[in-house]
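Notes to accompany the following structure.
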Amino acid sequence: MTQRFDISQSDPNAYQAMVGLETYLRKCGLQPQLLHLIKTRASQINGCAFCIDMHTKEARADGESEQRLYGLSAWAETPFFTPAERAALALTEVVTRISEQAVPDAVYAEACQHFSETEVTQLLMAIVTINSWNRLAIASQVLPGSYTVPVAA
């Protein structure tokens, strides 16, 4: 597989718009660990190898355990995740698969039990942002394995 194009080069303004969403997410107040789980799980569902590689590397760099990362694709069958994380992962799955069915009331209600209305909005922004990145990475055939986690300044 060869990369078709690099969005940061072919349309820097479009790329910066996406980076703006990432900047918002980093500052919104959701825990980085939760964001890593959301990004990795949506990427697994979408089959985005580049994003799975990227977000598992970032999660590990931020202290996420191998056990939880390995169990993420079967999160509902494991005891490794908190009730709030489980609610966020359930929301991630249904929003990522939104073409299959609307978001069930029970999934939304469970998210509201653990997160404020603002936080649910932030979760949704995280979910739609990673789904957009997945689609861009898959369509442009970004090569997995090439990402390195930036060293903190």
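The values are calculated or read from the model by the stated rules, or taken from the named source; none is laboratory data. Just so it is clear, the structure is predicted and the values come from calculations on it, not from any experiment. Positions of Cβ are backbone-derived with ideal geometry, glycine not excepted, and every protein chain shown enters the neighbour counts. These accessible areas exclude ligands, DNA and RNA; they are computed on the full protein's heavy atoms, side chains included. Shrake-Rupley method; radii C 1.70, N 1.55, O 1.52, S 1.80 Å.
Just the isolated ones, please: cysteines in the chain lacking another cysteine beta carbon under 4.7 angstrom.
Isolated Cys, the chain: C28, C112.
Which residues in region 50-79 place their backbone N less than 19 Å from a point set 7 Å from the Cα of E22 along the Cα-to-Cβ direction?
Taking a point 7 Å out along Cα→Cβ of E22, the residues of region 50-79 whose backbone N falls under 19 Å are 50-64.
Quick one: which residues, 5+ away or cross-chain, put their amide H under 5 Å from the amide H of Q141? H built at 1.01 Å from N.
Those qualifying (amide H under 5 Å, at least 5 residues apart or on another chain) are R4.
For the chain, which whole percent of the accessible surface, found with a 1.4 angstrom probe, sits on carbon and sulfur atoms?
Carbon and sulfur: 56 percent of the exposed surface of the chain.
Add -39500 (n - 2.57) for each DSSP H run of 4 or more in the chain, then divide by its residues: what number comes out at 222 nm, to the nearest 500 deg cm²/dmol?
That calculation yields -21000 deg cm²/dmol at 222 nm.
Determine the distance separating the Cα centre of region 101-153 from the Cα centre of region 70-93; give it in Å without decimals.
14 Å
If a helix is a whole DSSP H run, which ones in the chain reach 30 Å or further along their own axis (Cα) and hold a mean Kyte-Doolittle hydropathy of at least 0.5?
Qualifying helices: 117-140.
Rounded to the nearest 0.05, what FRET efficiency do D62 and V128 give with R0 = 30 Å and r taken as the Cβ-Cβ distance? Could you check? Can you show the working numbers first?
Details: r = 22 Å, r/R0 = 0.73.
E between D62 and V128, to the nearest 0.05, is 0.85.
If R₀ is 30 angstrom, what is the calculated FRET efficiency for the pair T2 and C112, using the beta carbon separation as r and rounding to 0.05? Spell out each step's value before the answer.
Details: r = 45 Å, r/R0 = 1.49.
Efficiency at R0 = 30 Å is approximately 0.10.
Which three semi-axes in whole Å describe the equivalent ellipsoid of the chain, each the square root of 5 times a Cα gyration tensor eigenvalue, listed largest first?
That gives 25, 18, 16 Å for the three semi-axes.
Checking a compactness column here: for region 8-52, what do you get for Rg(Cα) / (2.2 N^0.38 Å), N being the number of residues?
Here the Cα radius of gyration is 1.31 times the empirical estimate.
Given the Cα-Cα distance of I45 and D105 and 0.36 nm per residue of separation, how much length would full extension add, in nm?
19.5 nm
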